[in-house]
Every structure is written in structure tokens, then in C-alpha cells.
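Every read-out reported here was derived from the displayed coordinates using simple, explicitly stated rules and does not represent laboratory data. The shown structure was predicted, so the numbers you read here are calculated from the model rather than taken from an experiment. Because the Cβ atoms are built from the backbone with ideal geometry, glycine has one as well, and the counts that use them run over all protein chains shown.
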There are 2 protein chains.
Amino acid sequence: MPSDPLSSTFHALADPTRRAILASLTTGEKTVSDLAEPFDMTMPAITKHLKVLEKAKLIERSKQAQYRPCHLNPGPLKDIDSWMEQYRKFWEASFDCLDDYLHQLQTKEKNDE
Amino acid sequence: MPSDPLSSTFHALADPTRRAILASLTTGEKTVSDLAEPFDMTMPAITKHLKVLEKAKLIERSKQAQYRPCHLNPGPLKDIDSWMEQYRKFWEASFDCLDDYLHQLQTKEKNDE
DNA sequence: GATATATTTAACTAAATAGTTAATTAACTG
DNA sequence: CAGTTAATTAACTATTTAGTTAAATATATC
């Protein structure tokens, strides 16, 4: 259950409703009802999605009267971006066949040593 | 069940074993036994992880005698990178308080119109 | 053809997920 | 304080997941 941060971020993002909620928060703070409005889903379902996003620290929440507004926290997305770094070289070069490319990379490594 | 590509990629990445397998494939093609070796897990468990990665198109497989070597396919990672684009501005600017930043962004939007 | 190696499939289990409805909490409004 | 609105919690269900052990498949080797 104490899943590592990267896993819980990826898990939170592995759902189209949650990604849509995040996207909706890019324009600023929103209440739960605001966020729920576009979806054909009950409020408790939205509450649960928000809990998943909150545990992953992708959103933060405050209190304003009976509202519990949410805002985006980009930190975990930045962490994913950093994690991706090790893979960028695999698509940034232009190549047709991955095997050729890997071979090329390995050859280059040898030359660098 | 026919989950969208982005969801199935994020889901595949939401597991440390699968991420470790991917990382291991950055150095080139590996057999299932090679990939399984670092983990305290049975072979069928690894086979299942590979199936998840394969369905997400993060790996591709071939046949060589009794071996079924795997290699990395960076395509879906590139797609995640593109998806992230809309969030980059949220961490690329330097700011202390997200609310201030959001307010700033909204102000800027108004000025742009 | 018998046997060993590499991998997968089948059948099962325990736990987690994504949703529901109904009830509860909290705060505002008349 | 009665009623309404915003949101959460509880209790339940169906599905998916991540793992297991045991059996099956496929290829190579003797």
C-alpha cells in the first residue's frame, strides 16, 4: 500500500477522468461541483478521483465556506518529466529501425570509453 | 476494457517492476530470463508484466529459437512527453505560490486578448 | 525420440479499483 | 431553526490486478 511516489503519480494519470480534471485545473482553482459538471458520474465518484489525485500530490485543496476548491500541483509531473529523461534519446534521434539504433548507440558507447 | 492508449501507457508505468524492466531494456534487447533475473518473482509474474508492457506498446518482441527477446519501443513515452507539454509552463516559471502564479497567468491571458 | 531449457497458459487467490445508492456532515440562507 | 447546497463517508458490487503453483508448449541437444 505505501506505493512509491512515481507509481502513485502514474497510477493517478492512468484514468481519462482524472486527466481531464487536471486539464480543467490548468485554468485555475475549481470547486468539486465545477470539476464534476462535465462528467456523467455521481459526486462520490468524483470525490474518489480527487482523493487519488490528492494522494499523488497532483492537486491540493483548501476550504472556502462549504466549498473545497482544488488547484493543480505540478511537482509530480515535473518528477515524471525527469524520469523520462533517460528515454528521450530513444526518440530524439531520427531512425527507422530500433535495433539498428541500439546497435549504433552501443558502438558509440564503446568509442566514448 | 478498450482503454485509451494514454491510459494504458500510464497504467503500464505505474509499477516499479515494469519501470525497471523498461530501464533494463535501454541497454538493448534482453530475453525474458535476463529480465526476470533481478526480481524475486516467478517467471509467470514476469510474463504478465511483459504482456502489460506489450499491450501498451512500450516493448516489442521477436522469436529466436526458444527465446522471445524484448526490445524497447519509445513511441508511447514520446506521446506522454507530448501530453505533458500543456503542464510544462506550470513548473518552468519560477514562483513560490501557485495561486499567485495562476493569477498571474490569468492576468496575462486577459492582456493577450 | 528422450530430455533439458525457455517461456507461456490455466486455474486459483487476495487485494485494489471504479462505480453505485443512501446516509452524513458542514455551512449558508430565509 | 428549517431548509438548501456542497461535499464526504459508508456500505456494497463487479471488475481488474498482481501474484502464486502446476501443467503445457516449443525449441535445442544428446
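The residue that is nearest to DNA strand C (Cβ to nearest atom), among those in the stretch A:61-82 that are assigned to a loop (DSSP other than H, G, I, E, B) and of a type in the set (Gly, Ala, Ser), is A:Ala65. Filtering the stretch A:32-91 to residues that are buried (at least 16 other Cβ atoms within 10 Å of the Cβ), under 17 Å from the mean Cα position of the chain (by Cα) and within 8 Å of DNA strand D (Cβ to nearest atom) leaves only A:Leu50. Quick one: in the stretch A:11-31, which of the residues that are under 14 Å from the mean Cα position of the chain (by Cα) and within 10 Å of DNA strand D (Cβ to nearest atom) is surrounded by the most Cβ atoms within 10 Å (Cβ to Cβ)? Checking each candidate, the answer is A:Ala14.
Scanning the stretch B:15-60 for residues that are away from chain A (no Cβ under 11 Å), within 14 Å of B:Pro74 (Cβ to Cβ) and away from DNA strand C (no atom under 12 Å from the Cβ) yields one hit, B:Lys57.
A:Leu53 meets each of the listed conditions (1) more than 16 Å from B:Phe10 (Cα to Cα); (2) in a helix (DSSP H, G or I) apart from (1).
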